[in-house]
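To start, I am sharing the structure in question, which I have written as structure tokens.
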Amino acid sequence: MARSDVNDNHEDQMDSGNFRYLIVKPQNGGFKDLVRFLRKKDKESISKFIETSDDGVFREEFMGSVRGDDGDTPEHRWVIFVSILVRKIIAICGKPMEWMGYLVEFILNLLSHNGGLLGLLFNALHGRVVMPQRGSETFISAIGHLDGRIDLCENKTVTKALDEVASGERSIDAEVGSRTLMDLCIMASKLAYENAKVVQNIVNIHWKMHFVDFYNCWNDYQQENSTQVFILCDKEKDANLILISFRGTEPFDADDWSTDFDYSWYEFPKLGKVHMGFLEAIGLGNRVKASTFQQLLAKNMKSVNLNGFDETATASEVSDISSSLSDSDKQFGSDQSSDSDQAAHADKEKILPEMVEKSAYYIVRSKLKKLLKEHKNAKFVVTGHSLGGALAILFPIVLVLHEEKEVLKRLLAVYTFGQPRVGNRQLGRFMEAHMDHPVPKYFRIVYCNDLVPRLPYDDKTFLYKHFGKCLYYDSFYIEQKVDEEPNPNYFGMRFLLPEYLNAVWELIRSLFLGYTQGPEYKEGWESILFRIVGLAMPGIADHSPVDYVNSVRLGREKVIQMSSLETM
């Protein structure tokens, strides 16, 4: 088929409303198959690892038959090969990582509960060892031990600013891009790694705000409640600010890391290609039942309104769900009427309402609508670190897709920290039209050589692209406003030596920062040990929330100086 013919076919598919996808399946072949995968004409080996919605997608990705939306032939075989290899290794290490995580967190909490190693030995000799209880308000995650700070940098400033908003002295829009709001967001992003009791305790007691709820949401592909999110208001009555914080990549969770390295995507007409793993994490589909993505993201799902796990969809909503599922099946070509197909269709009709009830997107959206109705003057912020950052920007993306205009009018800002790429350039252009006017609302913060914002891998022929305003901080915490962070793919050879040298410098800096900037910035032995381990692969230690909190707090003076120069 000629290149122009394939392009025309692709455009026809998009115009007709067909949804396209590519799913990478590392588990479907062995390492020998993976080696053969690199051979361009070995279609059989490729098909073992790849599932596509149609032959057009297969030809575009692996046969170089068409030109991608970036203007280059999308020969992605090598990058997909690396993605499959890394995810295979992660899968092998999955259980050991999980066991290691339990052990590490138990030891860290055992030490902290007993006053350190010497205190533990003393208590052991006297038979008074305090045993940590997972899920209690004193059990802290590994992330929480890396950075023990829990108080906001300027809690009084936050309260004062919001009170001025309430009294009409200032507009809450003036807070967009401010250090006060950024500090609240990075601390909330870090807090999202903790259990519900810890979150509630810190929000209510330390931050003097109102804890709304904590949700453990369902990932239908992983078949577990692996997505956590909490909501707070600045105060219980007449709130001015609502904050939504998604949990990020847990250091010992193989599924989270596998999602970050996944290449699978789902394409929506006019919107663009979206990372499939992140869609699954926010509860909007399951690659095993690919039509669920189209169904759960259909515009008629705007009417579904849930208040939590205990509330089920109404009869009319279930009817709408079943009806739109039938339409989506037809668009995917499910026109056969065998008994097995009818049975599968009946199963899907049962599954979809259950998926909606447990979906992070629908649960959070429903609660947000209730809060916005209750607090007439409130605006909302969405935030997250790592994987949580991807979910934080994906949430308003779906709000735009569902044409939730009244909700979006109340969106103050989206702040993400160390966020991976979520989609292609078309998605970026689509969202920038909605997020940059009349003022920018999406801020993507990246610290130095952090590996995760460089995932999934991107180059001039690759589909995953960042968008939005990037606030980049180097290892001196100097802020730069850029379109893309330096070394966007991390693995470039010319950056390798500087990355290792920078990792050594960051380790040295961590030993003295508490003396030069104050006791608040003194790093504990856990963080220093993490930096030592991170010397093996620079970029891992840079993903720690420690440097993101420091960037927000210590980078302020440099930003003020730069702003002053700009106004001269």
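The values are calculated or read from the model by the stated rules, or taken from the named source; none is laboratory data. Just so it is clear, the structure is predicted and the values come from calculations on it, not from any experiment. Cβ: placed from backbone, ideal geometry, glycine included. Neighbour counts: every protein chain shown. Please note that ligands, DNA and RNA were not included when accessible areas were found on the heavy atoms of the full protein model with its side chains. Shrake-Rupley method; radii C 1.70, N 1.55, O 1.52, S 1.80 Å.
Could you pull out the GluC sites (Glu not before Pro) across the stretch 369-439 that fall in loop regions by DSSP (anything but H, G, I, E, B) with no more than 14 other Cβ atoms inside 10 Å?
For GluC sites (Glu not before Pro) across the stretch 369-439 that sit outside H, G, I, E and B with at most 14 neighbouring Cβ atoms in 10 Å, the list reads Glu403.
Check each of the GluC sites (Glu not before Pro) in the stretch 468-557 and keep only those in coil by DSSP with at most 16 other C-beta atoms within 10 angstrom; list them in order.
Numbers: sites: Glu479, Glu484, Glu499, Glu506, Glu520, Glu523, Glu526, Glu557; in loops: Glu484, Glu523.
In loop regions of the stretch 468-557 (DSSP not H, G, I, E or B), the sparsely surrounded GluC sites (Glu not before Pro) are Glu484.
At R0 = 60 Å, how high is the FRET efficiency between Lys95 and Lys237 if r is their beta carbon distance? Nearest 0.05 is fine. Please list the in-between numbers first.
Details: r = 48 Å, r/R0 = 0.80.
Using R0 = 60 Å, I get an efficiency of 0.80.
For the pair Asn201 and Val504, what calculated FRET efficiency results from E = 1/(1 + (r/R0)^6), where r is the Cβ-Cβ distance and R0 = 25 Å, to the nearest 0.05? The partial results should precede the final answer.
Values: r = 38 Å, r/R0 = 1.51.
The calculated FRET efficiency here is 0.10.
Let me ask another. What is the packing order of peptides 528-537, 80-89, taking the mean over residues of other C-beta atoms within 10 Å and listing the highest first?
Details: 528-537: 15.5, 80-89: 18.7.
In descending order of packing, they fall as 80-89, 528-537.
So, one more: At a probe size of 1.4 Å, how large is the accessible area of Trp78, to the nearest 10 Å²?
150
What does the accessible area per residue of the stretch 367-429 come to in Å², with a 1.4 Å probe and no ligands, DNA or RNA counted? Display every interim value, and only then the final one.
Working: 1760 Å² over 63 residues.
Per-residue value: 28 Å².
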